[in-house]
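Read through the structure below, which is laid out as structure tokens, and then see the notes.
The values are calculated or read from the model by the stated rules, or taken from the named source; none is laboratory data. The structure displayed is predicted, hence computed values, not measured ones. Using ideal geometry, Cβ is built from the backbone for each residue, glycine included, and neighbour counts are taken over all protein chains shown. These area figures cover heavy atoms from the full protein model, side chains too; ligands, DNA and RNA do not enter into them. Shrake-Rupley method; radii C 1.70, N 1.55, O 1.52, S 1.80 Å.
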Amino acid sequence: MLNRHLIRIKVFKVLYSFVSSASGSLPGATRELLHSCEKTLHLYYMMLNLSVALKRVADDRIEKGLRKFNPTPEEREPNRRFSDNAFIKYLISDTAFVKFCEDHALLWREDLDVVARKVFAAISGREYYRKYMSSPESSADEDCRLVKRIYRDTDAIEENELLLSSLEDMSLYWTDDIGYVLMYIIHTVDAFSRTGSIVWPEVFQKDDDRAFATDLLCHAAMNYDKYMELVRPYLSNWDSERIVSTDMILILQGIAEAVRFPGIPVKVTINEYVEIAKCYGTPNSNNFVNGLLDSVIKKLVGDGTVVKTGRGLLDR
């Protein structure tokens, strides 16, 4: 589920909180990190369940139309294409999916109906939805294309203020993960389109990613003061206003990664923290993080503190 980029962001957030809190413990920070990672998987299931909630809204509309005393021809013979969407029906019938959602309270409750109805009202007015509903072609591939289009609909999903507010009320951990989760859902729909089934993800994509997360956090936290002293001589060349706390956390975490993980190329480490700085720092944070990390890691390579073995691992 989680890739290394998102893992680094989660380590950064927990490390920032740990450094900022004098009362925090490293075992507690590690538990917080793993909990944060698990919550991303929960958001994935919650957002997949949105499609089930949308089907429920469509079914409810159909049933209300049929119950009218004098229904229109369209209400008397409703278009059930969205209600019969193959991907959504698969989710409903998949016992592992349903059980996970039930066990972790990831179903769309009645109090979320207003959110689902707003999302459905948005997508049902889109041209892509109207074309899908009126198309003479009916296939699982078409059903999957429609679902992917819904999850790519930024206004209806990723930037829907009511939806985002509701998710934030359910878990503060979900605030920054929505974009990644939506992308992962689209990959899931693609896989279903190819194979007709879904292999449900674990929290981490690879077996060693959990160890990468916890080792990176622990090494950065335990060596924070040591790496801070290492960086101090390089700060005189920078405006004091550039030395903000988020930038320093990223730099020290980048140093920790370079030292602790000999198999990760220097270029990858530096580029990763520069990208994170673009999202979580100030407009010039990426230049600051790039410059300092490059200088410090070059020194550490020179004195043997950072050891990389293998072709391309030292390229910058």
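In this simple spin-label model, placing a label point 7 Å from the Cα along the Cα-to-Cβ direction at both L107 and V307 gives a separation of 5.6 nm. In the context of the full set of protein chains, the chain has a per residue accessible area of 50 Å² (1.4 Å probe).
Counting 0.36 nm for each residue step from S21 to D208 and taking away their Cα separation leaves a gain of 64.5 nm. The dipole here belongs to the chain: it is taken about the Cα centre, uses +1 on the Cβ of Lys and Arg and -1 on the Cβ of Asp and Glu, and is about 460 debye. Of interest is the spacing of the C-alpha centroids, which for the range 131-205 and the range 28-45 amounts to 20 Å.
Under a 5 Å amide H cut-off, with hydrogens placed 1.01 Å from N, L2 pairs with F204, Q205 among residues at least 5 apart or on other chains. With a threshold of 23 Å on the Cα-Cα distance, the over-threshold entries among K267/K298; K13/K278; K13/K299; K226/K298 are K13/K299. Placing pseudo-labels 7 Å out from each Cα toward the beta carbon at N271 and D155 gives an inter-label distance of 3.5 nm. Here the 3J(HN,Hα) profile of the range 28-34, calculated from phi with Karplus coefficients 6.51, -1.76 and 1.60 at θ = phi - 60°, is x, 5, 5, 4, 4, 4, 5 Hz, Gly and Pro shown as x. For V306, the residues whose amide H sits under 5 Å from its own are V301, ignoring neighbours fewer than 5 places away on the same chain, with H placed 1.01 Å from N. With the simple model of a label 7 Å out from the Cα in the direction of the Cβ, S245 to R81 spans 5.4 nm. Within the accessible area of the range 251-293, the carbon and sulfur atoms contribute 51%, probe 1.4 Å, all protein chains present.
Straightening the chain between M133 and V199 buys 20.9 nm, computed as 0.36 nm per residue apart minus the Cα-Cα spacing.
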